[in-house]
Amino acid sequence: MYLYAKIIPMLDENKNPWQTLSTKTVYDNPWIKVTESDIINPKGGKGIYGVVSFKNKAIGIVPVDEGGFTYLVGQYRYTLNEYCWEIPEGGGPLNEEPLETAKRELKEETGFEASDWRMIGRIHTSNSVTDEEGFLYLAMGLKSGESEPEETEELAVKKVHMRGAVEMVMQNKITDALSIAGIMKVARILGY
């Protein structure tokens, strides 16, 4: 038995096949804005499209020490109504350099400062409904200190070898998109 794939010709990547007829804001608070647009889709049908725009960039940090251990942050996530293990992460103002946010978030959530920073990725967290942009960093040369969590954070910090963090991703014990992308990229970069 042979399987054949239908080859679809390359489309013009610079041509937007969507047409926006009108857009209105349907919700707005200090963290997000939701807009709804009347559109014509790529096949010519009329419809609506909702977009959630975040007022911050998503920033994730994978701190790795000289022994190959990373530090995960545990917290109860209101949106999911469950406890989650994640890489240190947070939101940074749109006009702030992502690295500055990364340094602040690492210190706030774990107490660590790092002497070696490497941007390892740019991601879109759920590009069918949000224009949120995320940035991932590898932080090494760690120096411990006191954490400074925000009022909305009740955090635990767990030391896990990078191989263990990858296993947590593979077993769905880590489900956060920034964390999965960051851990898997660092594992590939560092050979774990």
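What the table below lists for this structure:
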{"quantity": "Residues that are under 13 Å from the mean Cα position of the chain (by Cα), of a type in the set (Gly, Ala, Ser) and modelled with pLDDT under 95, drawn from the range 120-160", "calculated": "Ser126"}
{"quantity": "Options Leu99, Leu138: the member that is over 24 Å from Val169 (Cβ atoms) and either not aliphatic (A, V, I, L, M) or not in a loop (DSSP other than H, G, I, E, B) (or both)", "calculated": "Leu99"}
{"quantity": "Every residue from the range 122-154 that is more than 17 Å from Asn56 (Cα to Cα) and either touching an Asp or Glu at 6+ places or on another chain (Cβ under 8 Å) or touching a residue at least 40 places away in the same chain (Cβ under 8 Å) (or both)", "calculated": "Leu138, Ala139, Met140, Gly141, Leu142, Lys143, Gly145, Ser147, Glu148, Pro149, Glu153, Glu154"}
{"quantity": "Odd one out for Gly74 among (1) touching a residue at least 24 places away in the same chain (Cβ under 8 Å); (2) within 21 Å of Val157 (Cα to Cα); (3) surrounded by 17 or more Cβ atoms within 10 Å (Cβ to Cβ); (4) not hydroxyl-bearing (Ser, Thr, Tyr)", "calculated": "(3)"}
{"quantity": "Conditions (1) out of contact with any Gly (no Cβ under 8 Å at 6 or more places or on another chain); (2) not in a helix (DSSP H, G or I): number failed by Ser147", "calculated": "(1)"}
{"quantity": "Of all residues making up the range 13-52, the number that are more than 26 Å from the chain's Cα centre (by Cα) and in a strand (DSSP E or B)", "calculated": "12"}
{"quantity": "Test: Leu21 is modelled with pLDDT of 95 or more, within 30 Å of Lys143 (Cβ to Cβ), hydrophobic (A, V, I, L, M, F, W, C) and in contact with a strand residue (DSSP E or B) (Cβ under 6 Å, 6 or more places away or on another chain)", "calculated": "no"}
{"quantity": "The listed residue being closer than 16 Å to Thr175 by Cβ, in the same structural domain as Arg122 (by TED's automatic domain parsing) and surrounded by 13 or more Cβ atoms within 10 Å (Cβ to Cβ), out of Ile87, Ile61", "calculated": "Ile87"}
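The values are calculated or read from the model by the stated rules, or taken from the named source; none is laboratory data. This structure is a prediction, so every number in the text was calculated from the model and none was measured. Note that each Cβ is placed from the backbone with ideal geometry, even for glycine, and that neighbours are counted across all protein chains shown.
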